[in-house]
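Notes follow once the structure below has been shown.
The values are calculated or read from the model by the stated rules, or taken from the named source; none is laboratory data. Owing to the predicted nature of the structure, the values given are computational and were not obtained by experimental measurement. Here the Cβ positions follow ideal geometry from the backbone for every residue, glycine too, while neighbour counts run over all protein chains shown.
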Amino acid sequence: MIYLGCDHGGFALKEAIRAHLQKQGVAFTDCGNTVYDSGDNFPDFVEPVVQGVRADQANRGILICGTGIGVSIAANHHQGIRAALAHNVDYARLARQHNNANVLCLGGRFIDQAVALTMVDIFLKTAFDTNPKYLRRMQAACKE
Ligand code: RB5
């Protein structure tokens, strides 16, 4: 299951990602915001995404705020969450291959929509590299 979350800074891009996943028949849960509200606060939408991702190792999250920075800070406070702030397709691929990221964070005010949709596709289809050095590094990074 893919969990989506955004504040007003990420709302337009979240809606585009939502439509993109729907078109592909990918199962997702929209954790909001479901309307544009300039007074909303990104941590409120990080929480349900994090809970969803933590429920099953195969689950993924996509969090979007204006820069992607706030949501990545908030998400990475949680055990079992490896949230990666990504700016292009290579970041999205390497976040999976080298970091086993389970949450993709995007800056809705800074990323081209078409690029962001490609990043989502790549993030969802790329596996963690089996080379043990990446597992060792991530275990150390996450203090597991
Ligand atoms: C909201 O204006 C903005 O601060 C938020 O979307 C995000 O960029 C925070 O990191």
Worksheet, complete the sentence: Listed by first then second residue, the pairs whose first member lies in the range 4-28 and is over 20 Å from Val53 (Cβ atoms) and touching a residue at least 60 places away in the same chain (Cβ under 8 Å), whose partner is assigned to a helix (DSSP H, G or I) and away from the ligand (no atom under 11 Å from the Cβ), with beta carbons under 7 Å and at least 6 positions apart or on separate chains, are Ala16/Gln113; Ala16/Leu117
Practice prompt. Would you point out which residue out of Gly61, Gly70, Gly66, Gly39 is over 19 Å from Ala95 (Cα atoms) and surrounded by 14 or more Cβ atoms within 10 Å (Cβ to Cβ)?
Written response: Gly66
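Within the range 119-144, which residues are of a type outside the set (Phe, Trp, Tyr) and under 21 Å from Gly70 (Cα atoms)? Full working, then the answer.
At the first step, the residues of the range 119-144 found to be of a type outside the set (Phe, Trp, Tyr) are 119-122, 124-127, 129-133, 135-144.
Scanning the range 119-144 gives Met119, Val120, Ala141, Cys142.
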Practice prompt. Check every one of the helices (runs of 4 or more DSSP H) wholly within the range 13-109 and list those with 2 or more residues that are within 16 Å of Thr126 (Cβ to Cβ), of a type outside the set (Asp, Glu) and modelled with pLDDT of 95 or more.
Written response: 89-97
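Of Ile17, Ile2, which residue is more than 16 Å from the ligand (Cβ to nearest atom) and either small (Gly, Ala, Ser) or within 21 Å of Asn88 (Cβ to Cβ) (or both)? Steps first, answer last, please.
Numbers: Ile17 fails: more than 16 Å from the ligand (Cβ to nearest atom).
Result of the check over Ile17, Ile2: Ile2.
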Worksheet item: Does at least one position in the range 28-36 carry a residue that is surrounded by 24 or more Cβ atoms within 10 Å (Cβ to Cβ), within 12 Å of the ligand (Cβ to nearest atom) and farther than 19 Å from Glu144 by Cβ?
Response: no
Item to complete: Six or more apart or on different chains, Cβ under 9 Å: which pairs go from a residue in the range 102-118 that's within 14 Å of Thr67 (Cβ to Cβ) to one that's assigned to a loop (DSSP other than H, G, I, E, B) and more than 16 Å from the ligand (Cβ to nearest atom)? Could you list them?
Response: Ile111/Asn88
